[in-house]
1. Viscosity 1.567 mPa s, temperature 4 °C: give me the Stokes-Einstein translational D for the stretch 85-244 in µm²/s, with Rh taken as the Kirkwood radius over C-alpha pairs.
2. Gap in Å between the Cα centre of the stretch 106-124 and the Cα centre of the stretch 373-419?
3. Per residue and in cubic angstrom, what volume does the convex hull of the Cα atoms of the stretch 829-903 have?
4. If you average the sequence gap of Cα pairs under 8 Å that are 6 or more apart and divide by the length of the stretch 824-897, what percent do you get for the contact order?
5. Cα-Cα pairs above 17 Å in the stretch 679-727: how many percent?
6. Step by step: find N for the stretch 191-239, compute 2.2 N^0.38 Å, then divide the Cα radius of gyration by it. What's the final number?
7. Put a dot 7 Å past each Cα toward the Cβ at residue 776 and residue 938; how far apart are the dots in nm?
8. Where does the Debye-calculated log10 I(q)/I(0) of the chain sit at q = 0.05, 0.06, 0.09 Å⁻¹, using only Cα point scatterers of equal weight, no solvent?
């Protein structure tokens, strides 16, 4: 029997076993849509063992891995609508080599995501998403799905491909995540299932329901076999996260009385706390029609995911002048960093704090229509046509309203694992009294995005009758994708209502009452830390009421200004100027106008790809070898609509002496920028069968990851700076800033994998994988050249700060995975099992144009490369040698399982080591750093921009689940628990005195009760 037959039979055996067990989802496990290793099976007598539940799912996932032509790891649903976690993101973290983010956005480490967010594969964020082997995405400015938007109840399984083949769609440098749904013929006749759930979050005491259902049937008719499937899901969740936070440390020469002025003590300007209530509703609908007659079969599918969320945050945060802080009763570590003490202002003024209420809403939707036709023309030839249309949209509002207050003192103790603040009765009473607060500021952000893609793929396969050659696959794929997005012109539009520095001073709540609420921070950190003081916040309605509520609040500021200045006998003219003159920002009605305002993006992209892939097998060798070799050639054409703006040369400077001034006319143009490139992507996948249960793989390929659409924006603002005296020009510089760069090329990778796989039982395996990736053309922010003609027609260069292909890098790593059930133990003990995996990744990166200065200079601008690429401390020193963002060197999963008879249970622990989250982001950046560069003319001044690297400390979470089947396995009752160990996510900020605690997130345990009935 040749290799093709062995593969087919083993896959068929897996399918038959699962079908006999009554499982609904595992049947499709043998045919991942992107795999090249699942030809139709020949009919043979099969010996099957009926298994169910988690054990059957593991068997199916193991069979996928064992028989695939490519390197793949899979998770298969235990039952209808039963993936092992509450979100697709959390499911993915169980797979070896996959880690997830736990912040809401990569550039916003201050807001926690309980169900996880971004996904990295082998340390890289270049992850491509598919559904049933077809490209799919969310309207997020990127190219992949927001996996947290997808209902896991609709999934039959998830496959993660680590090294691509020519047959697979290009774009997966890190890896490919393929989400699989079921088709009607995966079931034998009629099948139905209803699932209801109730979720409970212990931290906020809220309960939320979820439900899903499936109906499927098929019929044999004169027109052929026809099948229908309908799957629906609706899930709600209400969670809470508490956050304790420390401000960055500043170098001080006068922090304590009597300090040696030649020494530094490092002191934060304060500490703060916040709580965030998060609610989401996730709806899913999936329908499929399938038809087969003779040698033709076809399927028509529709998938829709709707995601609606709102989070409401109330946070208090320090706004004090850091160089006025005085420390009493202070203790410092050997680096001079504060451990504990009492903070006050050295001039007797109050410590300034703002406390805000922030509400954010988002409505997202992705729809996927697909039509596939398979035709087996004869024993040699078969053809596939696959037509798809994807439409995605999202719309969001992020609104903040803040009050302000001053504190007499803040007592901080940072010596323990959990930072603590101490408040006496007077402190608490002061903070709880509304008359001590004033209206501070508002900030709005609005965005909307839409994306569509039309694609067609046509494949052909020719089967050989040959001892070595198995089949030749070739095909083409055509796509036409559009993406457009808009924000309000300022993106985040901050405007003061009143401040100590505005005309008239603060507008106190005692004079302008209403629209407030007191947060007592009940059950803060689950009661494991002392309860912070109650704080008076703006009500959620004030934030959610934008723009009407904003208009009322800014009138408070203007009225206060008029009243105070009138009482002082001063002119009230400032009261009609900024910040009192308020105009809300919104979204434009025309994308072209948004682009001209600098707040819009419109892209179109077409690709044409062709591939050829040969599958072969040397089955007569002593150690059989099979695999595939192929090449994929893809051409990409991108059009980006952008607005280029230059005000023109100052004509008064043209007649001056000294350096000549290029006379460049004003330039204002809305234009389309075109870019195209072609990639040739060879691939090789080999599998050596050392024994019936032992095999080795080698894979090598070239891969690409196209830039995200938000990095391809084409709008640029140019300027010309002419320096000198009234009579002489000493220098001319021409610069600019780009919203993006439409001429970017993809990040390219050359990668190799080597694996050893031992399958010692149906659900037992030990696998080892080593991998290496060489990356080039990594996208970073540096400078590129843009040219405009002067009046003589000569092109004049402008140095524009924008995304460029400016770095290379490499990764090397190892993956270990093990799973088994202890079948040889006696009786009920044989139901126990274990699943474990471990990943190690090491990375290096190198800038094409290195930034190596030991000190920082300048402001927080896009062209400050030392700040943006290396990070700068509050004493003006750079960091450098930072790893790739999002990459943990180590990660592991450990799961203890029990599966016997009607009882199934698991206890799962997932852990990842410290990783870099972001550099120079909100909360850990400023422009008041101390200049310590001995060669700087500003030495000793406090005006250098700084931005710290922010890290997530190692984090491990314990989850559990148990289910029991009744009534001939038709009814299943279950209980799931997440974060049983009440894990706290620690966040660090890198400074030259060490990795200092930035904050601590706490979410507490969550529980879900499930009842599932199948019929």
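1. Roughly 73 µm²/s, to the nearest whole number.
2. Cα centres, the stretch 373-419 to the stretch 106-124: 8 Å.
3. Per-residue hull volume (Cα only) is 171 Å³.
4. The value is 46 percent.
5. 71 percent
6. Ratio of Rg to 2.2 N^0.38 Å for the stretch 191-239: 1.81.
7. Going from the residue 938 label point to the residue 776 one covers 3.8 nm.
8. Summing over Cα pairs of the chain leads to -0.34, -0.50, -1.08.
Every number here is computed from the coordinates shown, using simple stated rules; none is lab data. In this text, all values refer to a predicted model and were calculated from it rather than measured experimentally. Every residue, glycine as well, gets a Cβ built from its backbone with ideal geometry; the counts of neighbours run over all protein chains shown.
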